[in-house]
Amino acid sequence: MKAFEIIPFKNTYTKDFYKLNIEWLETYFYVESFDEEVLSKPETYIINKGGHIFFAVANKKVLGTVALMPTKDPRVFELTKMAVSPEQRGQKIGQHLLQHCIDFAQTNNYKALMLYSATKLENAIYIYRKFGFKELELEKNSPYDRSDIKMELKLV
């Protein structure tokens with residue numbers, strides 16, 4: 001039994017979305033200007049474009065977050081902006097968020113989820129593979145400088 005619930009976007013948690021993702025980026029990489037823009041305006045860049053943001057919440061405190069952003073294909077979404085509070089890491093919150101996104105995508109008849117990541121994040125890559133994501137060729141004009149791997153989970 002998990003000690004938190006996963007809820008859809010509420011603008012009450014916009015600052016948490018920003019804070020968790022910036023902390024994660026600063027810990028493992030650096031903040032790109034594109035990140036700063038998207039994270040500071042998630043309604044503009046994700047929600048209003050048909051995307052989704054979910055929060056893992058316990059006692060009104062955000063423990064983690066993840067987003068599904070639309071791509072050119074209306075039935076393929078990018079799994080992105082996943083971050084878990086540093087003091088909550090290691091408790092499988094990220095895996096619960098990932099499973100929630102997969103379940104949500106299947107319920108909504110998406111044909112695939114795709115993501116960009118970095119091979120230096122060995123634990124994350126291991127988890128993505130465990131959930132069935134397969135490596136794709138990374139395009140030369142990848143939207144993230146820090147990405148060196150692209151993965152996809154086919155749902156149909």
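For region 8-27, a residue qualifies if it is open to solvent by less than 80 Å² (accessible area, probe 1.4 Å) and not charged (D, E, K, R), and the qualifying residues are PHE9, TYR13, THR14, PHE17, TYR18, LEU20, ASN21, ILE22, TRP24, LEU25, THR27. When the residues of region 1-28 are filtered to those that are aromatic (Phe, Trp, Tyr) and under 16 Å from ARG89 (Cβ atoms), which remaining residue is modelled with the lowest pLDDT? Filtering first and then ranking leaves TYR28.
Condition first: assigned to a loop (DSSP other than H, G, I, E, B), open to solvent by less than 70 Å² (accessible area, probe 1.4 Å), modelled with pLDDT under 95 and under 19 Å from GLY64 (Cα atoms). Can you find one or more residues in region 105-119 that meet it? Checked against the condition, which is being assigned to a loop (DSSP other than H, G, I, E, B), open to solvent by less than 70 Å² (accessible area, probe 1.4 Å), modelled with pLDDT under 95 and under 19 Å from GLY64 (Cα atoms), region 105-119 yields no hits at all.
Looking at this structure, is PHE77 open to solvent by less than 50 Å² (accessible area, probe 1.4 Å), in contact with a Pro (Cβ under 8 Å, 6 or more places away or on another chain) and assigned to a strand (DSSP E or B)?
Details: open to solvent by less than 50 Å² (accessible area, probe 1.4 Å): yes; in contact with a Pro (Cβ under 8 Å, 6 or more places away or on another chain): yes; assigned to a strand (DSSP E or B): yes.
When the stated conditions are applied, PHE77 passes them.
What's the number of the condition VAL38 fails, among (1) in a helix (DSSP H, G or I); (2) touching a residue at least 40 places away in the same chain (Cβ under 8 Å); (3) open to solvent by 10 Å² or more (accessible area, probe 1.4 Å)? Tallying (1) in a helix (DSSP H, G or I); (2) touching a residue at least 40 places away in the same chain (Cβ under 8 Å); (3) open to solvent by 10 Å² or more (accessible area, probe 1.4 Å), VAL38 fails exactly one: (3). Just wondering, is there one or more residues in region 52-70 that are touching a strand residue (DSSP E or B) at 6+ places or on another chain (Cβ under 8 Å), among the charged types (D, E, K, R) and open to solvent by 20 Å² or more (accessible area, probe 1.4 Å)? Looking for residues that are touching a strand residue (DSSP E or B) at 6+ places or on another chain (Cβ under 8 Å), among the charged types (D, E, K, R) and open to solvent by 20 Å² or more (accessible area, probe 1.4 Å), one finds none in region 52-70, hence no.
The values are calculated or read from the model by the stated rules, or taken from the named source; none is laboratory data. This is a predicted model, so every value here is computed, not measured. Using ideal geometry, Cβ is built from the backbone for each residue, glycine included, and neighbour counts are taken over all protein chains shown. Please note that ligands, DNA and RNA were not included when accessible areas were found on the heavy atoms of the full protein model with its side chains. Shrake-Rupley method; radii C 1.70, N 1.55, O 1.52, S 1.80 Å.
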